[in-house]
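First the structure, in the form of structure tokens, and then the observations on it.
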Amino acid sequence: TLFAPGDEVWYAGALGRAGSNSEYQLVDERLVAHKPRTLDNASAAALPLTAITAWELLFDRLGVPQGGGAGQTLLIVGGAGGVGSMLSQLARQFTQLRVVATASRPETVQWCHELGAHDVIDHRQPLAQALRAQTGLAQVELVASLTQTDQHFPHIVELLAPQGRLALIDDPQAIDIRALKQKSISLHW
């Protein structure tokens, strides 16, 4: 009842229902909105899920207030991916955080800088070591780990400040969350 045949719409999907690569889908209309006219179909298909995930990570899970974060640093592991790309832009537009992203290829490093990252470190190196070498920082207050968390977990724990916050979107095989206890690091999905 909210839309007419032929309306161009977009949506992020629902947690209880797998996505698809189809031209037509049956979707609860309460999850749908009119597609902005300024976006082409490919952009409209890619934007909602990555944008809402980044928004929720930054403001709901990591708890950064809009306009806040002065004096704090956010490390984005996987900064050149879809969610990382959105997260960098949102953090730069709506907070005062220093944004450090990870990337490894020259074109993805450039991409992260273009999206607003203050610094970009190589995730092929131990993260804590790369952070110190590239930025001079020994620790950060916030980490959004978007990929390969199990691989980077010991380094994330090392570089997170006491009372730091770690947010994930991937499903690591095995991490020992007891490692967070010594610094009282909080974990959020």
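Residues of the range 153-189 that are of a type in the set (A, V, I, L, M, F, W, C), surrounded by fewer than 14 Cβ atoms within 10 Å (Cβ to Cβ) and over 20 Å from V83 (Cα atoms): A174, I177.
Tallying residues that are within 16 Å of V143 (Cα to Cα) and of a type in the set (S, T, Y) within the range 90-115 yields 2.
Keeping to the range 42-64, report how many residues are part of a loop (DSSP other than H, G, I, E, B) and either without any contact (Cβ under 8 Å) to a residue 24 or more places away in the chain or open to solvent by 90 Å² or more (accessible area, probe 1.4 Å) (or both). Let's see the steps before the verdict.
First pass over the range 42-64, keeping only residues part of a loop (DSSP other than H, G, I, E, B): 62-64.
From what's left, either without any contact (Cβ under 8 Å) to a residue 24 or more places away in the chain or open to solvent by 90 Å² or more (accessible area, probe 1.4 Å) (or both): none.
Here the count works out to 0.
Looking across the range 118-152, the residues that are surrounded by fewer than 23 Cβ atoms within 10 Å (Cβ to Cβ) and of a type in the set (G, A, S) come down to A128, A130, A133, G136, A138.
Give L39, L2, L26, L15 a once-over and let me know the one that is open to solvent by less than 80 Å² (accessible area, probe 1.4 Å) and of a type in the set (A, V, I, L, M, F, W, C).
Unique residue meeting the criteria: L39.
Within the range 79-113, the set of residues being of a type in the set (D, E, K, R) and surrounded by fewer than 19 Cβ atoms within 10 Å (Cβ to Cβ) comprises R92, R105, E107.
The values are calculated or read from the model by the stated rules, or taken from the named source; none is laboratory data. Just so we're clear, the structure is a prediction, and the values are computed from it rather than from any experiment. Using ideal geometry, Cβ is built from the backbone for each residue, glycine included, and neighbour counts are taken over all protein chains shown. SASA here: full protein model, heavy atoms, side chains in, ligands and nucleic acids out. Shrake-Rupley method; radii C 1.70, N 1.55, O 1.52, S 1.80 Å.
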